[in-house]
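Below: one structure, written as structure tokens.
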Amino acid sequence: MNQAKNQPRHFLDIDQIDAGELRGILDSAKARKEARAGQPRGNTDGDLPLTGKVLAMIFIQPSTRTRVSFDIGMRQLGGETIVLNSDDLQLDRGETMADTARVLSRYVDAIMLRTKGHDMLEELVAHATVPVINGLTDASHPCQLMADVMTLEEHRGDVNNQVIAWSGGGNNVATSWIHGAAQFGYELRLACPEPLSPSASAVRWARDNGANITVTESAQDAVSGADCIVSDAWVSMHDDDEAAGNRHNILVPYQVNEELMAQAKSDAVFMHCLPVHRGEEVTAEVIDGPRSLAWDEAENRLHAQKGILTWCLG
Ligand code: CP
Ligand code: NVA
């Protein structure tokens, strides 16, 4: 799992990085958040560790949180960013990701990619000579998991002792929660309809690495006595339209509403990476209610990105 010496420090997936390193990234994120509490967002951090560094951010798919949190995070650390949407690049005209990686590596100090196919991330990594950060693919969303663990611990203490229930399709965000179960030690119960079951290879890897993971089709069984219920959009950015109608049918029993929340612990919290579709995967009552951590998760994307950036580039 350790990356070879002299290789760039890529942040690609939660299962690719030692648990101690992941904990260190969170410790650094928390320390930076505390140190700048109450300061204007435009202020830089005191130590400016990324002065002179430039992060290129490639967006093949849209983003609000990932885009802005990495941009502001780099500024607060003293660095700069370049945003490259897919139509800004020559990719659409046939230039390969491999050549894009070779060229960008001559200009910038790190590259973040949000894309559809995980294979595109792998092509970038294979040819980049600078650190690469996975800003979401169809397979995983590791930066989100870091912010989510940080947020849960702020509200409920050490995640190691907690039971987390996922209710919905077994998608990219679910895979990062599965990886995290092995690395951070929480119990994870995934309630997913069979056609949208979570990544079997991720579950296998996590169990082989000590994770306590249950996969069920029953949302009620998964949430019973849980500390936290997590959900995500029924249709992800990479899902095609044809899949969408069917997902809306089979995911109805997995909606997180007050009735489902009532079956978790009385003080259980709700998490969602956003963007949310009120009335689909979660009701407005829950996402906008007092037990929702969604807005703290969104804020912590900023702090967690800074932990990731300093780890990759420090
Ligand atoms: N949660 C998340 O990644 O949001 P964006 O798609 O807006 O970046
Ligand atoms: N599963 C969602 C997460 C969005 C942040 C998607 O991939 O669209």
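Going by what's in this entry, would LEU152 be described as open to solvent by less than 20 Å² (accessible area, probe 1.4 Å), among the hydrophobic types (A, V, I, L, M, F, W, C) and farther than 23 Å from ASN300 by Cα? Break it down into steps so the answer makes sense when it comes.
On the way: open to solvent by less than 20 Å² (accessible area, probe 1.4 Å): yes; among the hydrophobic types (A, V, I, L, M, F, W, C): yes; farther than 23 Å from ASN300 by Cα: no.
Against the criterion (open to solvent by less than 20 Å² (accessible area, probe 1.4 Å), among the hydrophobic types (A, V, I, L, M, F, W, C) and farther than 23 Å from ASN300 by Cα), LEU152 does not qualify.
Applying the condition of being more than 16 Å from ligand 2 (Cβ to nearest atom) and under 26 Å from ALA244 (Cβ atoms) to region 271-291 and asking which residue is surrounded by the most Cβ atoms within 10 Å (Cβ to Cβ) yields VAL286.
As a summary of the residue check, GLY185 satisfies the conditions (1) open to solvent by 40 Å² or more (accessible area, probe 1.4 Å); (2) more than 16 Å from ligand 2 (Cβ to nearest atom) except for the one numbered (1).
Quick grid of which residues meet (1) within 16 Å of ligand 2 (Cβ to nearest atom); (2) within 16 Å of VAL163 (Cα to Cα); (3) open to solvent by less than 40 Å² (accessible area, probe 1.4 Å); (4) more than 19 Å from the chain's Cα centre (by Cα):
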| residue | (1), (2), (3), (4) |
| --- | --- |
| ARG207 | no, yes, no, yes |
| GLY225 | no, yes, yes, yes |
| ASP232 | yes, no, yes, no |
| ASP240 | yes, no, no, yes |
| ASN249 | no, no, no, yes |
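Go through region 268-307 residue by residue and tally those that are in a helix (DSSP H, G or I) and not aliphatic (A, V, I, L, M). Full working, then the answer.
Of region 268-307, the ones in a helix (DSSP H, G or I) are 284-287, 294-307.
Restricting the remaining residues to those that are not aliphatic (A, V, I, L, M) gives 285, 295-297, 299-301, 303, 305-307.
Final tally of qualifying residues: 11.
Considering (1) touching a Ser or Thr at 6+ places or on another chain (Cβ under 8 Å); (2) in a helix (DSSP H, G or I); (3) over 23 Å from ILE133 (Cα atoms), the lone condition that ALA202 does not fulfil carries the number (3). Taken over region 156-169, residues that are within 15 Å of ligand 2 (Cβ to nearest atom) and either under 17 Å from ALA294 (Cα atoms) or within 14 Å of the chain's Cα centre (by Cα) (or both) amount to 3. Kindly indicate whether any position in region 229-239 is in a loop (DSSP other than H, G, I, E, B) and of a type in the set (Ser, Thr, Tyr). Yes: one or more hits. If you check ALA191, ALA200 for being surrounded by fewer than 19 Cβ atoms within 10 Å (Cβ to Cβ), over 16 Å from the mean Cα position of the chain (by Cα), of a type in the set (A, V, I, L, M) and more than 27 Å from GLY79 (Cβ to Cβ), only one passes: ALA200.
Conditions (1) more than 16 Å from the chain's Cα centre (by Cα); (2) assigned to a helix (DSSP H, G or I); (3) closer than 23 Å to ALA222 by Cβ, marked per residue:
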{"residue": "ILE82", "(1), (2), (3)": "yes, no, no"}
{"residue": "ASP92", "(1), (2), (3)": "yes, yes, no"}
{"residue": "ASP99", "(1), (2), (3)": "yes, yes, no"}
{"residue": "VAL103", "(1), (2), (3)": "yes, yes, no"}
{"residue": "ARG106", "(1), (2), (3)": "yes, no, no"}
{"residue": "ASP148", "(1), (2), (3)": "no, yes, yes"}
{"residue": "GLU154", "(1), (2), (3)": "yes, yes, no"}
{"residue": "SER176", "(1), (2), (3)": "no, yes, yes"}
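Only one entry in GLY180, GLY135, GLY117 is open to solvent by 10 Å² or more (accessible area, probe 1.4 Å), within 18 Å of the chain's Cα centre (by Cα) and in contact (Cβ under 8 Å) with a residue 60 or more places away in the chain, namely GLY117.
Just the residues that are assigned to a loop (DSSP other than H, G, I, E, B) and either surrounded by 20 or more Cβ atoms within 10 Å (Cβ to Cβ) or of a type in the set (Asp, Glu) (or both), please, taken from region 120-131. Give the steps one after another, and end with the answer.
Of region 120-131, the ones assigned to a loop (DSSP other than H, G, I, E, B) are 128-131.
Hits for region 120-131 are ALA128, VAL130, PRO131.
Taking region 132-146, which residues are in a helix (DSSP H, G or I) and of a type in the set (S, T, N, Q)? GLN144, the sole residue that qualifies.
With modelled with pLDDT of 95 or more and more than 16 Å from the chain's Cα centre (by Cα) as the only criterion, which of ARG67, ARG32 stands out? Can you show your working first?
On the way: ARG67 fails: more than 16 Å from the chain's Cα centre (by Cα).
One residue alone meets the criteria, ARG32.
One line per residue, one yes/no per condition, for (1) open to solvent by less than 20 Å² (accessible area, probe 1.4 Å); (2) among the β-branched types (Val, Ile, Thr); (3) more than 16 Å from ligand 2 (Cβ to nearest atom):
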{"site": "ASN6", "(1), (2), (3)": "no, no, yes"}
{"site": "ASP13", "(1), (2), (3)": "yes, no, no"}
{"site": "GLY24", "(1), (2), (3)": "no, no, yes"}
{"site": "GLU34", "(1), (2), (3)": "no, no, yes"}
{"site": "GLN39", "(1), (2), (3)": "no, no, yes"}
{"site": "GLY46", "(1), (2), (3)": "no, no, yes"}
{"site": "LEU55", "(1), (2), (3)": "yes, no, yes"}
{"site": "PHE70", "(1), (2), (3)": "yes, no, no"}
{"site": "MET74", "(1), (2), (3)": "yes, no, yes"}
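For the structure I just gave you, tell me whether LYS265 is under 17 Å from ASP227 (Cα atoms), touching a residue at least 12 places away in the same chain (Cβ under 8 Å), touching a Gly at 6+ places or on another chain (Cβ under 9 Å) and not in a strand (DSSP E or B).
Details: under 17 Å from ASP227 (Cα atoms): yes; touching a residue at least 12 places away in the same chain (Cβ under 8 Å): yes; touching a Gly at 6+ places or on another chain (Cβ under 9 Å): yes; not in a strand (DSSP E or B): yes.
Against the criterion (under 17 Å from ASP227 (Cα atoms), touching a residue at least 12 places away in the same chain (Cβ under 8 Å), touching a Gly at 6+ places or on another chain (Cβ under 9 Å) and not in a strand (DSSP E or B)), LYS265 qualifies.
The values are calculated or read from the model by the stated rules, or taken from the named source; none is laboratory data. For clarity, every value in this text was computed on a predicted model and none was experimentally measured. Backbone-built Cβ (ideal geometry, glycine too); neighbour counts: all protein chains shown. Surface accessibility is based on the protein's heavy atoms, side chains included, excluding ligands, DNA and RNA. Shrake-Rupley method; radii C 1.70, N 1.55, O 1.52, S 1.80 Å.
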